[in-house]
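Step one of this worksheet: look at the structure below.
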Amino acid sequence: MLHSSFENLINTAKKTRPSTDIELIRRAYAFANDAHRNQFRINGEPYINHVVSTAYILLDWQLPTTIVVAGLLHDAPEDTTKTLLDIEHDFGVEIARIVEGETKLDRLKYVGMTRYVENLRKLFLAVAKDVRVVFVKFADRLHNLMTIEVLPPEKKYRIARESLEIYAPIAGRLGMGEIKAQLEDLSFPHVYPDEFKWLMELIKGKYEAKEQELRKEQKILESELHDAHIPYERMYGRTKHIYSLYRKLLKYDRDFSKVYDLVAIRVIVNTIAECYSVLGVIHSQWKPLKGRIKDYIATPKPNGYQSLHTTVFGKDGGIVEFQIRTKGMHEEAEYGIAAHWRYDESGKKVPVHSRRLHWMQELARIQKELEDRKTFVETLEELKIDLFQNRIFIFTPKGDVLDLPEHSTPVDLAYAIHSDIGNQCASAKINGEMVPLDQKLTSGDIVEIIVDKKRKGPSADWLKFVKTRNARNKIKARAKRGVAEWFSSILPKKK
Ligand code: MN
């Protein structure tokens, strides 16, 4: 939906969440209306429409009223007579802090690459400090993208590219799959217009045809589950998002015949046991393709994603993908970290999924470096690898699981376990076989690090192949210390 009226916002709040403090929302609307009176967007409509629509998106994500209110107020301290102090006075410190974070994110005076880097840095900081600020920013950005047509071409391109390259990956890392996909699909036509046209031409009618084909398979599964007395919440055809289809096609040299999940049948159930029961029924009816059964319930993706996926030969010879998950997993997959703020009217932080929490802690840890712009620019490439690259799972012989960036080596693993293990790492075994230390690891490998207690420290050669920032930093630090120690050993002793 492009725009929401205030009446619609209020009615939706009353309907979907009867406990909402409607009076608070009305007060915020009056405040924003007052602040933005006489302000218009480029297309001529009143500015207030933008903040109401932003608030509506946040309500639609079922976030607490405090965040919805912050959405209404998010542009008030910019270019209006209202200040953050006014907001704090009228709405309290918590809402004022969210709006303040929002305002800080907006103030960017840089251009080009510097702007890009600065934006990324600010978003990282915001996520590390209070992720609620980023929810408001995502909603704000989504509405700006929905109404992007009226902007001048360069501005259109800049906003779309920023959304595609910075906002969407962060949404992805926070597990907000649905929001990431929306940001991507709205940006794609403006960043790669020719590619977008090519893709539209390529898929003309294909979604419809596939949906038609799947309807029959869905009917069969429905009756099979009924006969087997396996209850399910919901079953529907989920269509693949355009940009994610585009990425997949690039991976497969634009060979459309390799895309099996243009439309998939999704089954939502109540319990994990039911997930596996449904999978059993599917495999008894359809023959699965080899190597295409993915159990992300037993081994979730690094961003916390959980589901069972299986690809089977359809009754008419086509290929069909099924995705099975519980209601909880579904919420997590679509809204990620935002799902944890849902139904929690106090708006207080609640425990988040441990893997995602790990990523947040990682951000908090590097926050100090982020505050310093120069270091941030220098380490940006490494940070991008650590934070955004696809992760793989590695098992230790004791059964511990560690997640590392793709193409990591035994040395990266050794440093991820402990600095001492890294420093004394001598050789490694993957699934019982001796391998060189620069061997690339693959998800699921069981890796044993063999240490040599007499080893003095890491080899500078390792810098040529390690992937993680952690390993790189520690090897460099040791190298520096080595020189310092050697230097002090040859210096004449003080008397
Ligand atoms: Mn805005």
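The values are calculated or read from the model by the stated rules, or taken from the named source; none is laboratory data. Source: prediction; values computed, not measured. When we count neighbours, we look across all protein chains shown, and the Cβ atoms used for this are built from the backbone with ideal geometry, even at glycine. Only protein heavy atoms, including side chains, enter the accessible area calculation; ligands, DNA and RNA are left aside. Shrake-Rupley method; radii C 1.70, N 1.55, O 1.52, S 1.80 Å.
Quick notes
- Residue count for region 127-159, restricted to those that are away from the ligand (no atom under 12 Å from the Cβ) and in contact with a Phe, Trp or Tyr (Cβ under 8 Å, 6 or more places away or on another chain): 2
- Residue count, region 265-293 (criterion: farther than 17 Å from Pro231 by Cα and in a loop (DSSP other than H, G, I, E, B)): 6
- Region 1-72 holds helices (runs of 4 or more DSSP H) entirely within its bounds, and those carrying 2 or more residues that are touching a residue at least 60 places away in the same chain (Cβ under 8 Å) and under 29 Å from the mean Cα position of the chain (by Cα) map to 48-60.
- Residues of region 190-206 that turn out to be part of a helix (DSSP H, G or I) and surrounded by fewer than 16 Cβ atoms within 10 Å (Cβ to Cβ), as a count: 9
- Yes/no for His3 being closer than 24 Å to Lys180 by Cβ and within 16 Å of the ligand (Cβ to nearest atom): yes
- Among the residues of region 47-78, those identified as open to solvent by 10 Å² or more (accessible area, probe 1.4 Å), within 12 Å of the ligand (Cβ to nearest atom) and within 15 Å of Phe31 (Cβ to Cβ) are Tyr47, Ile48, Asp75, Pro77, Glu78.
- Yes/no for Asn43 being surrounded by fewer than 11 Cβ atoms within 10 Å (Cβ to Cβ) and within 15 Å of the ligand (Cβ to nearest atom): yes
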